[in-house]
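Just so it is clear, none of the values below were taken in a lab; they were calculated from the coordinates. What you are looking at is a predicted structure, and each value in this text was computed from that prediction instead of being measured. Glycine also receives a Cβ, built like all others from the backbone with ideal geometry; neighbour counts cover every protein chain displayed.
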Amino acid sequence: MSPEENEALVRRWFEEFCNERKRDLAEELMTEDHEYHDPQVPTGTGPQAMAEAIAVYQEGVDGHWDVEEMRAAGEDRVVARWTGTGTHNADVMGIPPTGRSVSVSAVHLFRIEGGKIAEQWVVWDTLGFMQQIGVIPEQAGG
């Protein structure tokens, strides 16, 4: 696939799979042995495991993923910088709903293989998320 096609695939992952909540697209967008690397969000292998992980944020914070920047990196990589927003309205990571609004920043690297997403690595502002829902106090003067 071309770099432009890879970017289009990743944009579709954010827009349709995440924001439009079309989790039934998992098998179409990701390889059978898809791997997700995020120490904060352990998942199993495969598209269904990713769909289940994303569902936690779609339902738990009524999540919306807003892509700020996206760039193809070589033949099989795409990097995206995004902001996730929503309202904590259901259990997330064992934390009951607080009704608080959240906005977190993230950087995401995708590896494409055979026209599908094969691997993802993400780093997101987990501390900021925990502070915004009131689980961890914010530092004074910060």
Between Ala8 and Thr87, how many nm apart are label points set 7 Å from Cα along the C-beta direction? 3.7 nm
Using R₀ = 35 Å, calculate the FRET efficiency as 1/(1 + (r/R₀)^6) where r is the Cβ-Cβ separation of Glu28 and Glu68; round to 0.05. 0.85
Simple SL model, points at 7 angstrom along Cα→Cβ for Ala55 and Arg77; separation in nm is 3.2 nm
Taking the Cα atoms only, what angle lies between the long axis of helix 3-12 and the longest principal axis of the chain, rounded to 10 degrees? 40 degrees
Relative counts (whole %) of C-alpha pair distances in region 1-50, using bins that are 5 Å wide: 5, 21, 24, 27, 19, 4, 0
What angle, in degrees between 0 and 90 and rounded to the nearest 10, separates the Cα long axis of helix 47-60 from the longest principal axis of the Cα atoms of the chain? 30 degrees
Out of the GluC sites (Glu not before Pro) in region 50-112, which ones are loop residues according to DSSP with at most 14 other C-beta atoms within 10 Å? Glu75
Once Lys and Arg get +1 and Asp and Glu get -1 on their Cβ, which of Ala51, Thr126, Trp13 lies farthest toward the positive end of the dipole of the chain? Thr126
Rg/Rh of the chain (Cα atoms, Kirkwood Rh), to two decimals, equals 0.98
Net charge (Lys, Arg +1; Asp, Glu -1) of residues whose beta-carbon lies under 15 Å from that of Gly99, Gly99 excluded, is -2
Can you tell me the length gained on complete extension of the stretch Glu16 to Asp38, counting 0.36 nm per residue apart and subtracting the Cα distance? 5.8 nm
